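**Student:** First the structure, which I've put down as structure tokens, then a few questions once you've had a look.
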Amino acid sequence: MIALGIEGTAWSLSIGVVDEKEVLALKSDPYIPKEGGIHPREASQHHAERIGSLFEKIFSEVRPDSIDIVAFSQGPGMGPCLRVVATAARVLALKLGKPLVGVNHCLAHVEVGRWKAKAKNPVTLYVSGGNSQVIARRGEHYRVFGETLDIGIGNALDKLARYMGLKHPGGPRIEELAKDGKHYYELPYVVKGMDFSFSGMVTAAQRLYNSVAIEDVAFSFQETAFAMLTEVTERALAYLNLDEVLLVGGVGANSRLQEMLKTMCEDRNARFYAPPKELMGDNGAMIAYTGLLMYTHGYETPVEESAVRPDFRIEDVEIRWD
Ligand code: AMP
Ligand code: MG
């Protein structure tokens, strides 16, 4: 069976085609803001203008009549962006005469990670622009055991980077600068129960930037934020008595975050997993794969139920597979 999936919850416009075993095609055309952060209307206009040519690229590699299912990211995400993707998915499904499957974006990160990194029952640390969550499966649902109380870690990195005059996306630029950091400056370490918060840290780091070297700000920010994420992930492992950690989401590309999690896993005799980089950030293949998994377990989204869900939670999906 072959599934096509469209991702477009925020900046990433991406279409992937998969079968049960592998990614057959993956094409992306990301929205990159000229200045400032991601503007939902501008991002959605970008998606609307580019989605046609992205389909042409995909269909130059796979035949349209080979597609069995059309999957799309139904939420969570930015309303205007989600609507472009949902509309395109409905049109394609109707034109091909194939079923439509609405996919939860966070679930897709977890499932593509389990698929390609081969983790079985992990504690997942999902770190992206808009989301930061510690997720694990309990029975027929995934549960969020800890999450950000304000902004996602990626958003925090991007905000700080922007303040320091760096281009979007800021995460990779901060990672580079942090490698040359020499002094650690204390920043607010905010973990409340199993939840964490980043916006106070961003403000404090912005203040720090006015008096110390940019490399040290980047270094101090990464050390503090990633230690918070590692602490909560470790606590989830201990509470749930699990022994696998799966790292997903765009910020998961960060080698310092990977290193901290690996060290923690070694100390606990747990195993660390991460999908290949092209499947780590937002991508169409994860939507296609999760759509395929859902469809083969009885899910289908009738057009009248295909409205976008900007606040869609991973807990809302019943998990019918192992
Ligand atoms: P996503 O929303 O999952 O596609 O992830 C996008 C976010 O990942 C943006 O906020 C980027 O700044 C961030 N990001 C990408 N690469 C890195 C990196 N190497 N280190 C830290 N953050 C990163
Ligand atoms: Mg994401």
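**Student:** Does MET286 fit the bill of being modelled with pLDDT of 95 or more, within 13 Å of ligand 1 (Cβ to nearest atom) and outside the structural domain of PRO169 (by TED's automatic domain parsing)?
**Tutor:** Answer is yes for this residue.
**Student:** Out of curiosity, is VAL84 buried (at least 17 other Cβ atoms within 10 Å of the Cβ) and not polar (S, T, N, Q)?
**Tutor:** Spelling it out, VAL84 is indeed buried (at least 17 other Cβ atoms within 10 Å of the Cβ) and not polar (S, T, N, Q).
Rundown of residues vs (1) under 18 Å from the mean Cα position of the chain (by Cα); (2) within 16 Å of ligand 2 (Cβ to nearest atom); (3) closer than 17 Å to VAL308 by Cβ; (4) in the same structural domain as VAL101 (by TED's automatic domain parsing), yes/no style:
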position	(1), (2), (3), (4)
GLY8	yes, yes, yes, yes
SER12	yes, yes, yes, yes
ILE15	yes, yes, no, yes
VAL18	no, no, no, yes
LEU24	no, no, no, yes
SER28	yes, yes, no, yes
LYS34	no, no, no, yes
GLY37	yes, yes, no, yes
GLU42	no, no, no, yes
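Okay, residues lined up against (1) of a type in the set (A, V, I, L, M, F, W, C); (2) farther than 17 Å from GLY130 by Cα:
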| position | (1), (2) |
| --- | --- |
| TYR184 | no, yes |
| MET201 | yes, no |
| PHE221 | yes, yes |
| THR224 | no, yes |
| LEU247 | yes, no |
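**Student:** If the Cβ limit is 8 Å and pairs must be 6+ apart or interchain, which residue in region 246-273 that is outside any helix (DSSP H, G or I) pairs with which residue that is of a type in the set (Lys, Arg) and open to solvent by 20 Å² or more (accessible area, probe 1.4 Å)?
**Tutor:** Partner pairs satisfying both residue conditions: LEU246/ARG114; PHE272/LYS262; TYR273/LYS118.
**Student:** Any residue in region 184-196 that's surrounded by 11 or more Cβ atoms within 10 Å (Cβ to Cβ): show its pairings with residues that are at pLDDT 95 or above and basic (Lys, Arg) at Cβ separation under 8 Å, as long as the two are six or more apart or on different chains.
**Tutor:** Pairs found: MET194/ARG235.
**Student:** Applying the selection to region 1-16, what residues are surrounded by fewer than 24 Cβ atoms within 10 Å (Cβ to Cβ) and aliphatic (A, V, I, L, M)?
**Tutor:** Matches in region 1-16: MET1, ILE2.
**Student:** Now for a separate question. Residues SER53, SER60: which one is touching a residue at least 12 places away in the same chain (Cβ under 8 Å) and of a type in the set (S, T, N, Q)?
**Tutor:** Just one listed residue meets the conditions, SER53.
**Student:** Here is a further query. Identify all residues within region 119-151 that are crowded, with 22+ Cβ neighbours inside 10 Å, assigned to a strand (DSSP E or B) and not hydrophobic (A, V, I, L, M, F, W, C); write none if there are none.
**Tutor:** Selection gives THR124, TYR126, SER132, GLN133, TYR142, GLY146, THR148.
**Student:** State whether one or more residues within region 8-18 are out of contact with any helix residue (DSSP H, G or I) (no Cβ under 7 Å at 6 or more places or on another chain) and either part of a strand (DSSP E or B) or at pLDDT below 95 (or both).
**Tutor:** Taking every residue of region 8-18 in turn, at least one turns out to be out of contact with any helix residue (DSSP H, G or I) (no Cβ under 7 Å at 6 or more places or on another chain) and either part of a strand (DSSP E or B) or at pLDDT below 95 (or both).
**Student:** Just a yes or no: is a residue in region 55-63 modelled with pLDDT of 95 or more, within 16 Å of ligand 2 (Cβ to nearest atom), surrounded by 15 or more Cβ atoms within 10 Å (Cβ to Cβ) and not basic (Lys, Arg)?
**Tutor:** So far as region 55-63 goes, no, none of its residues is modelled with pLDDT of 95 or more, within 16 Å of ligand 2 (Cβ to nearest atom), surrounded by 15 or more Cβ atoms within 10 Å (Cβ to Cβ) and not basic (Lys, Arg).
**Student:** Can you tell me which of GLY249, GLY165, GLY154 is in the same structural domain as ALA270 (by TED's automatic domain parsing), within 16 Å of ligand 1 (Cβ to nearest atom) and open to solvent by 50 Å² or more (accessible area, probe 1.4 Å)?
**Tutor:** Exactly one residue qualifies, and that residue is GLY165.
The values are calculated or read from the model by the stated rules, or taken from the named source; none is laboratory data. As the structure is a prediction and not an experimental result, all values here were calculated from the model. When we count neighbours, we look across all protein chains shown, and the Cβ atoms used for this are built from the backbone with ideal geometry, even at glycine. Remember, those area values only see protein heavy atoms, side chains included, never the ligands or the DNA or RNA. Shrake-Rupley method; radii C 1.70, N 1.55, O 1.52, S 1.80 Å.
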